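Right, one structure below, let's go through it.
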Protein chains: 4
Amino acid sequence: MGILRLSHVEVRCPDLELSTAYYTEVMGLIETAVEDEAVYLKGWDEQQHHSLILRYAPTYGVERVGFKVQHAEDLDELTSAIEGYGIATKRFAAGELGPGSGETVRFVAPSGHTIELVHGMEQIGNALPLHNPPPEPQGLSGMHPPRIDHVFLMCEDVDEITRFYTEVLGFRLTEQIVADDGHQLATFLERTHTAHDIAFIVGPDAAFHHVAYWVDDWNDLRRSADIAAYHGVRIDAGPTRHGATRGWGLYFFDPAGNRNEVYTGGYWADPDREPITWTEAQMGRAVFYYEGVVDQNFLTVHS
Amino acid sequence: MGILRLSHVEVRCPDLELSTAYYTEVMGLIETAVEDEAVYLKGWDEQQHHSLILRYAPTYGVERVGFKVQHAEDLDELTSAIEGYGIATKRFAAGELGPGSGETVRFVAPSGHTIELVHGMEQIGNALPLHNPPPEPQGLSGMHPPRIDHVFLMCEDVDEITRFYTEVLGFRLTEQIVADDGHQLATFLERTHTAHDIAFIVGPDAAFHHVAYWVDDWNDLRRSADIAAYHGVRIDAGPTRHGATRGWGLYFFDPAGNRNEVYTGGYWADPDREPITWTEAQMGRAVFYYEGVVDQNFLTVHS
Amino acid sequence: MGILRLSHVEVRCPDLELSTAYYTEVMGLIETAVEDEAVYLKGWDEQQHHSLILRYAPTYGVERVGFKVQHAEDLDELTSAIEGYGIATKRFAAGELGPGSGETVRFVAPSGHTIELVHGMEQIGNALPLHNPPPEPQGLSGMHPPRIDHVFLMCEDVDEITRFYTEVLGFRLTEQIVADDGHQLATFLERTHTAHDIAFIVGPDAAFHHVAYWVDDWNDLRRSADIAAYHGVRIDAGPTRHGATRGWGLYFFDPAGNRNEVYTGGYWADPDREPITWTEAQMGRAVFYYEGVVDQNFLTVHS
Amino acid sequence: MGILRLSHVEVRCPDLELSTAYYTEVMGLIETAVEDEAVYLKGWDEQQHHSLILRYAPTYGVERVGFKVQHAEDLDELTSAIEGYGIATKRFAAGELGPGSGETVRFVAPSGHTIELVHGMEQIGNALPLHNPPPEPQGLSGMHPPRIDHVFLMCEDVDEITRFYTEVLGFRLTEQIVADDGHQLATFLERTHTAHDIAFIVGPDAAFHHVAYWVDDWNDLRRSADIAAYHGVRIDAGPTRHGATRGWGLYFFDPAGNRNEVYTGGYWADPDREPITWTEAQMGRAVFYYEGVVDQNFLTVHS
């Protein structure tokens, strides 16, 4: 009940054609709809209409982040909770927000990001038959991750946004990086019993750090790095391991400058599991377990 | 709300000492308690007191299967549903069923298996610190899977037990193998949004097919096979891929004759995803995607 | 000096078109020449004109096995040694034996197989530039192994053929399976300091067991098995580990019935390394380390 | 005939005890002999007495590099060639240079490094039985690479040292990085038909860049990085891919400051294969294919 998982992320890009070529040929996402100023994409195994929207804009950054709720009534309950917190919401009917869109509640979270809760996005299947399917369709291109995994955002007050996500939206805290003065520098939050569906790190409000797609294993990170390098895509970090989440990831940039990740690993998190805390002194290991230090670019290159 | 995941499986073994040596040294589970006639074990990353109980008995087989519920109230709601279906239940207080046990509702499902629903099993941690943990403790032995994944049982009427698990216990059907006459030969059921937490295949009532622990990737299946072979453990099948669930697995036997699996892969399953159907003619591929045929042993060796 | 490595294998097939489709699309070899009754193929990273020849014939089996020598003079020295052993040889000029062929010495070994020693086969490159190459060309299909690895043949007298290969051709014995009566059941022989370039197992003279192409790792065996299963290719065994050679392999059949393997792993073997001996009782583990038994098909399905 | 492969590397370290702990527990090499001022180590699968010598010295760096020759006569032939080039050599009897040492020819190469050619180093086995061996001994620690792979040295005149290694010592050039002015910036040289047994990069004469041990696959690089990070070992770069050699590697430092690598992948190189050339502009990709740039540390941190 409540939020099921991360549904979609909308990113800005000044050159839609170039970004579409990158996301379909290098990332290997599936294009599902095109509008004048937007392109809709999904991971090959996703049943839903889209998990990524490219939106024409003069610069890069994140426009919206959407979460899927399981039941139609969840929209009402969550609306009450959000408005009870003092935040206005707006409701959209299915289809009103573009191709495939479901019934949607939209609001601006305390971090400055526009958030959507959606029920009933159009289901379009994963290109495999429902009878005797092979494990993967033929003819996929590039990295071709099966599905979206998590989004990483920035904001000034991580303590506050963490309270909002846990108390109002029902997320659970799995890990946190805590400054010596007691403030949260980064928090990892989940609804899927994985290490994170969304995370926040200290930075400017409304800023975007990265969107991550799932790949199946460490070998796929190598394959993804080969593909990125072959196409001249700038790799930011990895393949490496994260201390926080225990996962493995590869970071790189889309043509607009939005950071992407392909990610795998992590763990199952029961709701009654204690959160893990990383101290400020160990922030390097929390982010890049092998290198032990966080490159300044990693914290400052964002929208 | 409702059942969160598979919690524990209790298997029978005539030689507790031998089986304990196997499960701790070859499988690499962690021993957490010993009684006269039972040994309690868990995967290293599990926070709960146990996920496997070895119970002294003259032969092999499954004694009980337990599911974890998220909230204490779930026990009441599920009890009502089960009794409404005409099945008697019995309630046990925390601790009453042995070391670490939580508050428990026990009943016999239509498949003949004894099922437990549990809330509040003792949490004992995963041996990693809650501050700045490394990704894995040192000194693990054998295959050392982090956690239990699923259980596979047999019964005569798969259609009926599938109805019971979906309508009464709230499971969702992800995949099924359907006979030419329309009956279900096997069904895969989930609560964790994975391909399966429990599955049933046609066979004698109350019979056990296997219990599976999760490992992180295809490479761990190879490592596990090396370990099994080194210790002279009989490997039943694999490393191979399953058509159903798309996962990869390795089957082998404990000293008592209980089949074990280490499993990885699979997919995320939204609750509104359509089930996949395998036809009887393709049952071979559904079970063993590479070989394309099911060895008779695989269907007949059980308790 | 002497034989450098396995150069090429020529197999028989009654349907050249079908076999070509299989070897290019499923195995992913590169077609380099076509004649009326023969098709020439190579692994993508091979510089030489071909490593596999498909030869029209009413049934399956091996027609010829070729080894590459490093220097032109090696042909003369090896000719002397072979003729000194009492075996007639025949010399062919470069190009005389078909497209790309080098200067060749041909003879029939005591095992009944036609063997060729070749120098100067045409070099045609690996499709990568010689300046700033990426690690792999784009657009490869199927399993696309980079190169041939070894060939496995059958004959009645393994002791004799092993003596011939070591004393006359300069191979070194790395491993052997020895019967309780002291005869060799199988021997593994190398010139490349790997675990084997050619191996023999007891069976009918002139019979073919399999030809193996190298793939880079265990993950490629999984990928290869997925590809084989997708195309309905019959998988004979694996992915599994061999006790002898320590390598990992996947066995499957071409449309004519010739057994193929994709293989990886193994070890470096110094020339002064002692051979490893497997006893008859452990032959199962020597061949299939995980299963511990050799399926009768594996020994009897051959040409 | 001639040089067979890299045999051993002797590195300097000011704290023998600390370095020994690192090389045995983190790298997982096997200690085979201890002297007052030297410790002898080998990869677990090596038959020879040692492939690494730790030599007490006030600072880090490389003391000697040794190559194994196949035949005793190779020592005489290579001595003639070296002295013909105008370099003095010194001969040592087996055992004279310390535990396990074979008959040795020592000289100072034009790069300023002390080089040894050795025949008949003591063979001590790999701890596996010669009958029915498992694929790996039990109880290995740390990364436990099976064997040494290559050594990477620095010198001022890479053109000259490359001529010396190819024309005098019989190495073959597989790859080179060439400056815009036509000078060689780095060269990769082999005797084992792999991408390199030794390589040179422009830098101070007699300087050491790294010694690399082989691991079996990309997954072992991850495992090695986990081990390095766990023990607080400073990781310099990787897991990453090299453009030159196509291999994958992980760089890190021993306690004295000597750079180590664990390496896998690469290719088979026939002696008649054309060398690959990297331009100065693509030097970044040649060294770090994913990152595309060479960190200055990588070129300047050396002994």
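Structure notes:
- Given (1) open to solvent by 10 Å² or more (accessible area, probe 1.4 Å); (2) among the hydroxyl-bearing types (Ser, Thr, Tyr); (3) part of a helix (DSSP H, G or I), number of the condition C:Thr59 does not satisfy: (3)
- Region D:272-284: number of residues that are at the interface with chain C (Cβ under 7 Å from one of its Cβ atoms) and open to solvent by less than 40 Å² (accessible area, probe 1.4 Å): 4
- Region C:63-80, subset in contact (Cβ under 8 Å) with a residue 60 or more places away in the chain and open to solvent by less than 40 Å² (accessible area, probe 1.4 Å), residue farthest from C:Phe208 (Cα to Cα): C:Asp74
- For region B:169-186, the criterion of being free of Cβ contacts under 8 Å to residues at least 12 places away in the same chain and touching a Pro at 6+ places or on another chain (Cβ under 8 Å) is met by no residue.
- Among the conditions (1) open to solvent by 60 Å² or more (accessible area, probe 1.4 Å); (2) touching a Phe, Trp or Tyr at 6+ places or on another chain (Cβ under 6 Å); (3) part of a loop (DSSP other than H, G, I, E, B), the only one that A:Met1 does not satisfy is (2).
- Residue match in region B:34-42 (condition: more than 19 Å from the chain's Cα centre (by Cα) and not in a loop (DSSP other than H, G, I, E, B)): yes
- Evaluation of B:Glu46 against the conditions (1) over 15 Å from the mean Cα position of the chain (by Cα); (2) in a loop (DSSP other than H, G, I, E, B) shows that the sole unmet condition is (1).
- Residue count, region B:126-151 (criterion: in a loop (DSSP other than H, G, I, E, B), out of contact with any Gly (no Cβ under 7 Å at 6 or more places or on another chain) and over 30 Å from A:Ala179 (Cβ atoms)): 1
- Matching residues in region B:81-106 - criterion: being open to solvent by 20 Å² or more (accessible area, probe 1.4 Å) and at positive phi: B:Gly86, B:Gly95
- A single entry from A:Arg234, A:Arg259, A:Arg246, A:Arg222 fulfils the requirement of being more than 8 Å from every other protein chain (Cβ to nearest Cβ) and not aromatic (Phe, Trp, Tyr): A:Arg259.
- Enumeration of residues in region C:63-95 that are farther than 30 Å from C:Pro14 by Cα and in a strand (DSSP E or B): C:Val69
- Single unsatisfied condition, A:Thr114 versus (1) open to solvent by 20 Å² or more (accessible area, probe 1.4 Å); (2) without any contact (Cβ under 8 Å) to a residue 40 or more places away in the chain; (3) more than 14 Å from every other protein chain (Cβ to nearest Cβ): (2)
- Subset of region C:117-146 [among the hydrophobic types (A, V, I, L, M, F, W, C) and either away from every other protein chain (no Cβ under 14 Å) or open to solvent by less than 30 Å² (accessible area, probe 1.4 Å) (or both)]: C:Leu117, C:Val118, C:Met121, C:Leu128, C:Met143
Conditions tested, residue by residue: (1) in the same structural domain as C:Val294 (by TED's automatic domain parsing); (2) open to solvent by less than 10 Å² (accessible area, probe 1.4 Å); (3) at positive phi.
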{"position": "C:Leu153", "(1), (2), (3)": "yes, yes, no"}
{"position": "C:Arg172", "(1), (2), (3)": "yes, no, no"}
{"position": "C:Glu175", "(1), (2), (3)": "yes, yes, no"}
{"position": "C:Gly182", "(1), (2), (3)": "yes, no, yes"}
{"position": "C:Ala186", "(1), (2), (3)": "yes, yes, no"}
{"position": "C:Leu189", "(1), (2), (3)": "yes, yes, no"}
{"position": "C:Phe208", "(1), (2), (3)": "yes, yes, no"}
{"position": "C:Ile227", "(1), (2), (3)": "yes, no, no"}
{"position": "C:Leu250", "(1), (2), (3)": "yes, yes, no"}
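- Pairs where the first residue, in region A:3-21, is touching a residue at least 12 places away in the same chain (Cβ under 8 Å) and the second is among the acidic types (Asp, Glu) and part of a helix (DSSP H, G or I), C-beta under 9 Å, 6+ apart: A:Ile3/A:Asp74; A:Leu4/A:Asp74
- Helices (runs of 4 or more DSSP H) (entirely within region C:196-302) containing at least 1 residues that are of a type in the set (S, T, N, Q) and either in contact (Cβ under 8 Å) with a residue 60 or more places away in the chain or over 28 Å from D:Thr194 (Cα atoms) (or both): C:218-230, C:296-300
The values are calculated or read from the model by the stated rules, or taken from the named source; none is laboratory data. Remember, predicted model here, so these are calculated numbers, not experimental data. In this analysis, Cβ positions are derived from the backbone assuming ideal geometry, glycine residues included, and neighbour counts consider all displayed protein chains. Keep in mind that these areas ignore ligands, DNA and RNA; they rest on the heavy atoms of the full protein, side chains included. Shrake-Rupley method; radii C 1.70, N 1.55, O 1.52, S 1.80 Å.
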